[in-house]
Structures are given as C-alpha cells and as structure tokens.
Amino acid sequence: MKQTTAIFIRRVLCNDKDRATARSIHELLPPLTSSNDVDLQLYAILAVILKDFVYSWYAKITPDQNFVDEVIQVIAHCTRALEQRLRAVDLESVLLDEIPELLLMHIEAYRISQSNLISQNLESDPRKIYHSIRAHPALSPIPTDGVPSTILEQEENEIAYRQLLAQATLAILLPTEDLESGCLRELVGGVLGETILANGVAGKACEGWLLWEVIAKILEDITPISRSPDVFAGKHSKNTASPQVSETWLPEEWPISALIWNALHYVYLAFTALRYFIGALWISSSLPARSPPAIIQTKFANGAGEEQGLETAVNEDQSQPTPASKEPILSMRIWSCVSHLLQVDIRMPWLSGLFSLLQWAAMVGPGRLGNTNGRLDKLLSHYIHQWMQDSLSLPSLLHLVRTSLFPHNALAPARATPSPAEQAAIKSRCADAIITLVPPVVLKNFLRTGDGDSDGNDSIPTSTSLDPDAAHHERASGAGDQQEDADSKPCKQTVRTTSHIRMRREIEENVLGLLDDPYCNKHLIYSIVELILVRLMPELGETGVKDLMEARLG
C-alpha cells in the first residue's frame, strides 16, 4: 500500500528528472512534519488536490514545474509551523473537554429541534429550531427549497466565511515575501478554502453516511477479532471455543441456582476490578505530574538577513507567571457528553446519580484522588495518552480520511452519493460496530426498548417471532426432555436475533440519528474547525484578519 501511494506521489509532485531517480520521495520533496509516515499521507492528499485543482488548468499553459514546486514549498513551511504550534497545545483539554462540549451542544440542540412538543408549539422546521439555538453567520439564512434566493445567499455567505478562515491562516503562517505575492496568496487560499474546506470538510464530511462509514471503520479496526455481531444474533462460528457456555452455565430450570451463580460471578468481577484499581493507584504514585500548557509567544521578525516570517517560542522561564493548572480529567466535558449521548439520566437515573456521587467523592473526598495531579488524575492521563498513541495513530487516521474523502485518489465527486437503501445499510453497519465494542451484559441491561419483560430479558411474543416454527416449538410440551430442548433452541435463537435487532434500532435512532441532517452537521464541523484554528493560532482570537494583514504587510 505504501509503495502504491509513493508511486502516485512521485508521478504527480515530482518532475521528470526526479521521477527517473531511485531516491525516495522524502529526499525529493521538502519535509512536511517530523514523521515520514505522516508526510506520506499528507503528500498523497496534497497530490490529489494539486492534480485536480492546479494541474487541470496549469498544465494547459506551460509544462514548467517550478510554480508547483514553489506551492509545495509554501505548504511545507505552513505545515512545519503548525507542527511547532501543535506541540504547545493542550491536547487533553481540546480532545476531552472542548470538542466534547461542542458535541454536547450539538446533541442538545438537535434533540430539541426534533422534539414533537417543540415542533408542534413553536416551529415546524427542525432546521430553523436548530439554527435558532446554534446560529452561525456562514449558515444564514436557512436555505429553503421554496425560496431559491435563500440558497444562493447562504452559499455566498459560506464562501466568504471559508475564504476568511483561509486568509487568516495564511496571514499567520506564510512568510512575508510569499504573503506579499497576491497570486500565490490567492492560489493557496483557494486550495485551502475551496478544495479542502468546501469539498472536503464542509462537503462530504458533513454527510451523515460518510460520518457513519468513518466511525464504523475506526471501530472495526480497534474491535477484537473474537467479537462480531453474529455472536449477538446467536450465530457462533466453528472456531468459537465454547459456543454453548452462555446458555448452559446458568441453568434456567433452577432459579435459586442461577441466582447463586450470578452472585458469585459479580463478586468475582468486583474483586478483580478492585484489585486492579488498587494496583493502578499504587503505580500512579510513580507517574510524573501533568505539566501545565506552555505559553506561546509570537512575534514577527524584522531586519535585513532574517526570515520574514513568524517566529514561535515557548516560554520556559520559571520567573514568568506560570499558567493556570490543568483541568482535572474527571471534571472534563467528555463524561457529561457520553452521558447525554447515551441518555443515562433518562434510562438509568440511579446510575447517573451514582456516577455523579463517585465523581464528587474523587474530586473533594479524602485524598482528592481525582483532583489535578491526584493519583487517579495522573493515572487517567497516563492511560489516555497510552491509548491515543496505540489506537489513534495519526498516519492511520490520515489514511482513513484520504480514502474516505478522496477514493481512488480523486476528489469526492468521483464517489456518487449512496442511495437511501445504501445509506441505511451503512448506518446499520456502524450500529453493529458499536454493538460489538460494548459488552453484551451492558447492552442487554441498558438498551431497553420497553417491548421486553420487566427484568430486561427482552423476551418477545411468539407472534412477532422471526422464525415461523418458533410458535410450534413453544407450544410443544410433554414430549420428553430431549425433544423439549431441541424445540426450544429455535425460540432462544429467535429471541437473541430480535434482541440484536432492537439494540441496532435503538442505536440507529438515538445515537447515529444525531448525524442525519447535513445542514446541522455543518454547524458542528465549522465549530470544531474554528476551535482547532484558534488553539493552534491564538492570534485569531485576539486580532482580526484585516489587522493581521496590516501587521504583516504594513
């Protein structure tokens, strides 16, 4: 796969002389970051953009490669500057607190807009309700099919907004001599604003089916091989070590015996969890403290012989005022976001209250284990960093983004929008990937649709069974123990299959359904893009684009 990608990059980005050499692309092209694997994926994305956005018209004018080489040098300068700034960003706060806060606001606004009570009394259009809660200037006015002028006006506002983001980024990252070139600034701004933001971020990336597909691919990569949706549907493979264990270790004929086995099982789980918890707290005493976020001081270099660009320095002077301490992991928005996403306060209020009590006890209780740099806080930070390094590999994520947005090394329009039936299949596949990731006991006791019995067994009436012979097997009785066991197997398999269908439908409606509307998704995507840009370039939160340009160009 890497060799194929390297051949494509060499064919697009390298000139005829370099293509004939045996040197690697990392020797022929300027480095974009400090990692060769990340550079490979970024070069592949850049090759697709230049091939369809620049070469489509530039090759008709001249075969000269110098102009494209200059564009690559400028982009490489920007990516290296972004990497330096990224090292000073508090990734824990961004990934676990600020982005989940935006997602939480999206969840609340979307569910309010879809509420029948709100729609009947105030407004019938869910998009108007959502936009009134989370208004965005680039997405105003709300495009309406009955009023074509609103569609055109909204598109114009969105184009101006994307160009504003692109020009603001270039005003900070570009060297002064390149920023003074209006042609180069417009070309690079067009690549960022129209190709990346318009076609990529605000285009296909806001479609619900593409988001479901990306989530499914990520979950399928991190899901153990031994777990599959067939297990929940009662389909055991031949390689399964003991397919009948889950049915035979709890004898249904003796409720008292089943109760005893359940009690022993949960006692063992509690003992194992407590042992690992105490051992982890003991290890956490040797973990280093969480360092506060670094302060970035930026200035523009002036004077002859110096690079006319942006110099970035991290303040390491201990005499300077230290920044505020980090937020404790337990108090970040990721926990409330997950709780609202799964509707824990509605499904299991006692569980939500228990978690809140445990959080309060860890934060202000004896030892303050969950407070900043407490034992539990350092332990969570350590495991989160370890998990992100192992599971969220940046080259893998970039490869996933590239294959999703640019399939077959072409722009997104090369992939037609799936039909409604295909989108429903993608949604079901994503729901199955979520089901395989969660333990069956949690799903069985948490996802209750109200059709099952009171103890959460999700039993179903015989008339709604998917197996036409299930009713016959259920009515058959008194024909001997062996015949009764043989007749009960199809009914048990039918109950498991129907339970899996209910779990899938519940996840599709209450979790994945939050990404159904592309217009509402744009509010979320644009908010995340703004947050990332402001964290990488704090100047954008203090100075306008016009002032930045005047400071750079004079």
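Considering only Cα atoms, the convex hull volume of region 1-91 works out to 103 Å³ per residue. Relative to the current alpha-carbon distance between LEU341 and ALA410, full extension at 0.36 nm per residue lengthens the span by 21.4 nm. Looking at this model, which pairs from LYS128/LYS217; LYS204/LYS378; LYS2/LYS204; LYS51/LYS128; LYS128/LYS427; LYS2/LYS51 are more than 28 angstrom apart at the alpha-carbon? From the list (LYS128/LYS217; LYS204/LYS378; LYS2/LYS204; LYS51/LYS128; LYS128/LYS427; LYS2/LYS51), the Cα-Cα distance tops 28 Å for LYS128/LYS217; LYS204/LYS378; LYS51/LYS128. If r is the Cβ-Cβ distance from ASN15 to PHE277 and R0 is 56 Å, what FRET efficiency results, to the nearest 0.05? Computed FRET efficiency for ASN15 and PHE277: 0.40. Site pair ASN36 and SER140 shows an inter-label distance of 5.2 nm when each label is modelled 7 Å from Cα along Cα→Cβ. For region 1-88, the share of accessible area belonging to carbon and sulfur comes to 55 percent (1.4 Å probe, ligands and nucleic acids excluded).
Amide H to amide H, with H built 1.01 Å from N, THR144 comes under 5 Å of THR150, ILE151, counting only residues 5 or more places away or on other chains. Largest accessible area first, the listed residues PHE277, PHE8 line up as PHE277, PHE8 when surface is computed with a 1.4 Å probe on the assembled protein chains. So, R0 is 30 Å and r is the distance between the beta-carbons of SER56 and ARG127; what FRET efficiency does that work out to, to 0.05? The value I calculate is 0.30. If the chain linking VAL147 and GLU542 were pulled fully straight, counting 0.36 nm for each residue of separation and taking away their Cα-Cα distance, it would gain 138.4 nm. In this simple spin-label model, placing a label point 7 Å from the Cα along the Cα-to-Cβ direction at both SER115 and HIS265 gives a separation of 3.9 nm. Solvent-accessible area per residue in region 1-88 equals 53 Å², computed with a 1.4 angstrom probe and all protein chains kept. Here the accessible area of region 352-398 is 64 percent carbon and sulfur, with a 1.4 angstrom probe and all protein chains present. Sequentially through region 47-53, phi angles give Karplus couplings (6.51, -1.76, 1.60; θ = phi - 60°) of 5, 5, 5, 5, 5, 9, 9 Hz, Gly and Pro residues having no value and appearing as x. When the Cα gyration tensor is reduced to axis lengths a ≥ b ≥ c, the ratio a/c is 1.5 or higher for region 496-554, and with a/b above b/c it is classed as prolate.
The values are calculated or read from the model by the stated rules, or taken from the named source; none is laboratory data. What you are looking at is a predicted structure, and each value in this text was computed from that prediction instead of being measured. In this analysis, Cβ positions are derived from the backbone assuming ideal geometry, glycine residues included, and neighbour counts consider all displayed protein chains. SASA here: full protein model, heavy atoms, side chains in, ligands and nucleic acids out. Shrake-Rupley method; radii C 1.70, N 1.55, O 1.52, S 1.80 Å.
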